[in-house]
Amino acid sequence: MKVIPGLVLLLSPFLSWGGCDEINSVAERYQDLTQSSDSGYVVTDTHRVYFYSAPDETCKIKDLFIINSDQVNLYAEYKGFSSVIFFDKDGDPVSGWIHSKSIKPTGTGIGPESK
């Protein structure tokens, strides 16, 4: 019986499909892009809104979050997550995925409307 656990350990990397990097690659191929003229959003959730390195619950970034009334710009959406950029108080950009339900559009954006 010692052979079977060893075999499982050897094959386990081939049984999984790559983690957060792979999930992010898939999301980039199938995401719904947002027009820059519609990219302005505000955080409406009353709790901390955590960033994720990919649109999946297993990819949560510990201690990286935004709060109610923070402004973000939305790039794309995929499976209930939104790819956003946020500028912190020092003007440094923070980007990643957040839950789409935690933000709402402001009616503004960072670019002109597409024709």
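Before moving on, here are some points about what is shown:
- A simple spin-label model places the labels of Asn68 and His99 1.5 nm from each other, with each point 7 Å out along Cα-to-Cβ.
- Overall dimensions of the range 58-115, expressed as equivalent-ellipsoid semi-axes from the Cα gyration tensor (√(5λ), whole Å, largest first), are 20, 15, 11.
- Per-residue extension of 0.36 nm, minus the Cα-Cα distance of Ile85 and Ser25, leaves a gain of 19.8 nm for this segment.
- Heavy-atom accessible area per residue - the range 29-115, 1.4 Å, Å²: 64
- Local electrostatic count, Ala27, Cβ distance below 12 Å [Lys/Arg +1, Asp/Glu -1]: -4
- Percent of Cα pairs exceeding the 20 Å cut-off, where the set is the range 12-82: 38
- Nonpolar atom fraction for the range 33-74, defined as the carbon and sulfur part of the 1.4 Å probe accessible area, stands at 48 percent.
The values are calculated or read from the model by the stated rules, or taken from the named source; none is laboratory data. Being a predicted model, the structure only gives us computed values, none of them experimental. Ideal geometry is used to build each Cβ from the backbone, glycine not excepted, and the neighbour counts take in all protein chains shown. Surface accessibility is based on the protein's heavy atoms, side chains included, excluding ligands, DNA and RNA. Shrake-Rupley method; radii C 1.70, N 1.55, O 1.52, S 1.80 Å.
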